[in-house]
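Report on the following structure.
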Amino acid sequence: MPFTVNDFQDLLALLGTHPEWRSELRRLVLADELIDLPGLVRDLAAVQLRTDQQLQVLTERVEALGQRMDQLTERVEALGQRMDQLTERVDALAQRMEQVTDRVDSLRGDVIEGRFPDRGPGGLGLLGIRHVRVLSGAERADLASDGIEDGRITEREYGELLRLEWVAHGRDAAGAVWLAVEGSATGDVHDVERAEARSAVLSKLRGRTRPVVAAHRFTQGAQARSVANRDLVLMPLS
């Protein structure tokens, strides 16, 4: 017998009277997946809620980390500023130390210049150069003038001789010798090079010449040059 509209209306009336039949009817009519759908939706909603909560916690942690990073950046920048200030102070201190060193070297140079004419001959005597006589400033100027006037030296070489601190002559084991003397608080390679260059100029005027550096102390570089150049004389000033 076919199921009619009236039968359907009667069924609805019965379900209204007996609501407990609805679940059984739902189970018979709907697939299992559709029956479980409300529960799945609730489970999904619960998962979504937990995810939102975890995301909120993670967001708060990221924001807190960002704040800490900002604070760390500020501290690093402050430290960088303090380092810059410290570097400026160190540079200023280094400049002051250089100025003090320059003044001390200048004073020592004045002392050397004042002491060499008196102490130089004796000091060179201990190094095997005897009968030393230091030329006066006027004698050294005349020597340089004679050289440029007769064409034996150039204008540049003339200036080098005038800048030479002392000119002396004496005798060593090989005989008569002229001495081109440079003075310094600390004798270094540059002092040696000046003495050697000016000694070469002096040799054009007076023959055999030896470079001499008189100083309170000598660098390793200057000492090494004295080994390589046997004519070089390093004279300590005590």
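Looking at segment 226-233, is at least one residue of a type outside the set (A, V, I, L, M), in contact with a His (Cβ under 7 Å, 6 or more places away or on another chain) and either in contact (Cβ under 8 Å) with a residue 24 or more places away in the chain or crowded, with 19+ Cβ neighbours inside 10 Å (or both)? Scanning segment 226-233 turns up no residue that is of a type outside the set (A, V, I, L, M), in contact with a His (Cβ under 7 Å, 6 or more places away or on another chain) and either in contact (Cβ under 8 Å) with a residue 24 or more places away in the chain or crowded, with 19+ Cβ neighbours inside 10 Å (or both). Among the residues of segment 216-223, is any part of a helix (DSSP H, G or I) and either buried (at least 19 other Cβ atoms within 10 Å of the Cβ) or touching a residue at least 40 places away in the same chain (Cβ under 8 Å) (or both)? Yes, segment 216-223 contains at least one residue that is part of a helix (DSSP H, G or I) and either buried (at least 19 other Cβ atoms within 10 Å of the Cβ) or touching a residue at least 40 places away in the same chain (Cβ under 8 Å) (or both). Within segment 17-55, the set of residues being of a type in the set (Lys, Arg) and either modelled with pLDDT of 70 or more or not in a helix (DSSP H, G or I) (or both) comprises 42, 50. Scanning segment 118-133 for residues that are closer than 16 Å to residue 164 by Cβ and open to solvent by 30 Å² or more (accessible area, probe 1.4 Å) yields one hit, 133. Against the conditions (1) at pLDDT 90 or above; (2) in a helix (DSSP H, G or I), residue 178 satisfies every one except (2). Here the condition is being under 37 Å from the mean Cα position of the chain (by Cα), open to solvent by less than 50 Å² (accessible area, probe 1.4 Å) and acidic (Asp, Glu); of 193, 160, it holds for 160 alone. Among the conditions (1) part of a helix (DSSP H, G or I); (2) of a type outside the set (A, V, I, L, M, F, W, C); (3) under 20 Å from residue 128 (Cα atoms), the only one that residue 204 does not satisfy is (3).
The values are calculated or read from the model by the stated rules, or taken from the named source; none is laboratory data. All values reported here derive from a predicted model rather than from experimental measurement. Don't worry about glycine lacking a Cβ; one is built from the backbone with ideal geometry, like all the others, and counts go over all protein chains shown. With ligands, DNA and RNA removed, areas are computed over all heavy atoms of the protein, side chains included. Shrake-Rupley method; radii C 1.70, N 1.55, O 1.52, S 1.80 Å.
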